[in-house]
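Colleague: This is the structure I have questions about; it appears just below.
Read the figures in this text as sums done on the coordinates, not as results from a lab. For clarity, every value in this text was computed on a predicted model and none was experimentally measured. Counting neighbours? That spans all protein chains shown, and the Cβs are built from the backbone with ideal geometry, glycine included.
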Amino acid sequence: MDGQKLVSTALFISLAILLAGCSSDEQSPVNPVNSTVEIQITSDPTVSFNENTGKTTAIVQFIARDSAGYPLDSEDVTVELLVDSQPVDNESLLQEDSAELNSSIHLGLVLDASYSMLLHSPPAFDPMKAAASEALDEGLNLFEGRPGTFTWSVSWFNETLSFPSDDGREWMPSDLLAIPQPGPGTATKLFAAVERQAQQMLVTHDTIANGPHDHHVMIVLSDGADNYSWFDNAVFTNQGVTSTGATYDIMGWQPSDVDSAVVAIGDHPNLTVHVLGLGSSVQDSELQPLVTAGGGRYIKNPSSSEVGALFDSVTREFATIQNHGATIPLPPGDYQFKLRVRTADGRARDDYSFDFHAGDAEAGVLP
């Protein structure tokens, strides 16, 4: 489809492909369907002019999705850039490792460590930790040899909130596997944990992943409704150490609820929140507002054996983001930039276009 089309930067796409045994809510899809392709723009395009070279650089960031909203890898599609309907010459195209395509991700994990995570059949606590650790490893591997950085933080919650200590050694993804099991009867301070995580990610936004094509992403996993954020235990502090020698702080939190968590999410200028609901009794009405505020996806699955699939589904949301651009010697003037994406088999395509000014200090995207 040609012409101007600005797709929302929100990553909330309803999926129609269901895993066997899943509930009717949005689920992790199975294999992608390549009968069609749709471009989702994930940050505003940028245009800049280099007065030393006289060249203009235009960059566009997007996710390509199939007919079910499933994110497609770069191997699944071919990409073409055009200016005024003419293909950009190969000499002008930016390579994947070009500094101009710098794009960073800061990922924050919020994990349910209440006792109910051990009561699933099979228990969900260890699979959750393994899936979270693998998601971090995937993010780190994704950014090897490409511009930009992948950084992360983690917190886990029951009646208190826990997170890596600032005065200890740096945590590794494998340290998540050693987060201690919760004790019997521990309640769920979910909204407090989300509120704190959003606030901490806001604090780091000025120095971490704060470029025009960067993203802060939060993944929240819980198997039940919040039942303890109302309680004020903010004075409580403690410290622990995992079996791997990684230290962590433990603290309480002031009274919180879904509204205060939503406010904290909204205060962050560039935060996407995905929520993974595990179990058949998850309270959709309490978790959906977090997703709405964070423009992400709410995925629910009653089976504890699908924890890895849930994480894989949202990990693809940042792992499949593509950055393409070109540095072109254009004379001063107004032009149209077009991104064209086709499926690998060439049977389907989608276009995204924007007008821009090039060739002088007034270079930029036009209204």
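Colleague: Under a 10 Å cutoff between Cα atoms, tell me which one of Ala348, Ala326, Ala58 has the largest fluctuation in the Gaussian network model of the chain.
Modeller: Fluctuation is largest for Ala348.
Colleague: Another one. Full-extension gain between Thr78 and Asp44, please, as 0.36 nm times their residue separation minus the C-alpha to C-alpha distance.
Modeller: Length gained, Thr78 through Asp44: 10.1 nm.
Colleague: Say each of Gln254 and Arg169 gets a label point 7 Å from the Cα, pointing the same way as Cα to Cβ; how far apart are those two points in nm?
Modeller: Between Gln254 and Arg169, the label points sit 3.7 nm apart.
Colleague: Let me ask something additional. Please list, ordered by chain and number, the residues whose modelled amide H lies under 5 Å from the amide H of Thr272; skip anything fewer than 5 residues away on the same chain.
Modeller: Correct list: His216, Val217, Met218.
Colleague: Pick out, in residue order, every one of the chymotrypsin sites (Phe, Trp or Tyr not before Pro) in the stretch 208-296 that is DSSP loop and has at most 13 other C-beta atoms within 10 Å; say none if there are none.
Modeller: Hits after loop and neighbour filter: Trp230, Phe236.
Colleague: By count of other Cβ within 10 Å, fewest leading, how are Val235, Val273 ordered?
Modeller: Fewest-to-most Cβ neighbours within 10 Å comes out as Val235, Val273.
Colleague: Using +1 on the beta carbon of Lys and Arg, -1 on that of Asp and Glu, and nothing else charged, what's the dipole of the stretch 105-319 about the Cα centre, debye to 20?
Modeller: That gives the stretch 105-319 a dipole magnitude of about 200 debye.
Colleague: Which label belongs to the value computed from this structure, given these candidates for Rg/Rh (Cα atoms, Kirkwood Rh): (1) 0.99; (2) 1.11; (3) 1.01?
Modeller: Given (1) 0.99; (2) 1.11; (3) 1.01, the structure-derived one carries the label (3).
Colleague: How much of the DSSP bridge set in the stretch 105-319 is antiparallel, in percent, rounded to the nearest 5?
Modeller: Just about 30 percent of them are antiparallel.
Colleague: Of Leu287, Val60, Pro87, which is farthest on the positive side of the dipole of the chain, counting Cα position, with +1 on Lys and Arg Cβ, -1 on Asp and Glu Cβ, and the Cα centre as origin?
Modeller: The one lying farthest along the dipole's positive direction is Leu287.
Colleague: Still on this model: Within 10 Å of each candidate Cβ there may be at most 15 other Cβ atoms; applying that plus a DSSP loop requirement, which GluC sites (Glu not before Pro) in the stretch 105-209 survive?
Modeller: Glu144, Glu170
Colleague: Just Thr46, Thr207, Thr149 to compare: in a GNM of the chain, with alpha carbon springs under 10 Å, which one fluctuates most?
Modeller: With Cα springs under 10 Å in the chain, the top fluctuation among Thr46, Thr207, Thr149 is at Thr207.
Colleague: Could you give the distance between the Cα centres of the stretch 48-77 and the stretch 339-353, to the whole Å?
Modeller: 12
Colleague: While we're looking at this one, here's another question. What is the chain's relative contact order, in percent, from Cα pairs under 8 angstrom and six or more apart in sequence?
Modeller: About 28 percent, as a whole number.
Colleague: If you rank Val217, Val258 by fewest surrounding Cβ atoms within 10 Å, what's the result?
Modeller: Ascending Cβ contact count within 10 Å gives the list Val258, Val217.
Colleague: Just to be sure I understand the model, the point goes 7 Å from the Cα along the line to the Cβ. What's the resulting Ala348 to Leu140 distance in nm?
Modeller: Reported label-point gap for Ala348 and Leu140 is 3.6 nm.
Colleague: Antiparallel DSSP bridges in the chain: what percent, to the nearest 5?
Modeller: 65
Colleague: Separate question: Taking the Cα centre of the chain as the origin and placing charges on Cβ (Lys, Arg +1; Asp, Glu -1), which of Asn270, Gly69, Ile299 is farthest toward the positive end of the dipole?
Modeller: So the residue furthest toward the plus end is Ile299.
Colleague: Give me the one-decimal nm value for the distance between modelled label points at Ser281 and Glu91, 7 Å along each residue's Cα-to-Cβ direction.
Modeller: 6.9
Colleague: Which of the aspartates and glutamates could be linked to Lys189 by a straight reach, that is with a Cα gap under 20 Å, when you skip same-chain ones fewer than 8 residues away?
Modeller: Within the straight-line limit of under 20 Å, Lys189 reaches these aspartates and glutamates: Asp112, Asp126, Glu159, Asp223, Asp226, Asp232, Asp249, Asp257, Asp259, Asp284, Glu286.
Colleague: What are the residues whose amide H is under 5 Å from the amide H of Val241, where those residues sit 5 or more places off or on another chain and H is modelled from the backbone?
Modeller: Tyr248
Colleague: Moving to a separate point now. Using the count of nearby Cβ atoms within 10 Å as a rough guide to exposure, how do Leu366, Leu111, Leu310 rank from fewest to most?
Modeller: Lowest to highest Cβ neighbour count: Leu366, Leu111, Leu310.
Colleague: Could you give the dipole magnitude of the chain about its Cα centre, charging the beta-carbon of Lys and Arg +1 and that of Asp and Glu -1, in debye to the nearest 20?
Modeller: That gives a dipole near 500 debye.
Colleague: Same structure, new question: Quick check on the chain: helices-only [θ] at 222 nm, where DSSP H runs of length 4 and up contribute -39,500 (n - 2.57) each and the sum goes over total residues. Nearest 500, please.
Modeller: The helix-only estimate for the chain comes to -6000 deg cm²/dmol at 222 nm.
Colleague: Still on this model: Which residue, Ser121, Val341, Phe163, has the largest displacement toward the positive end of the dipole of the chain when charges sit on each Cβ (Lys, Arg +1; Asp, Glu -1)?
Modeller: Among Ser121, Val341, Phe163, the one farthest towards the positive end of the dipole of the chain is Ser121.
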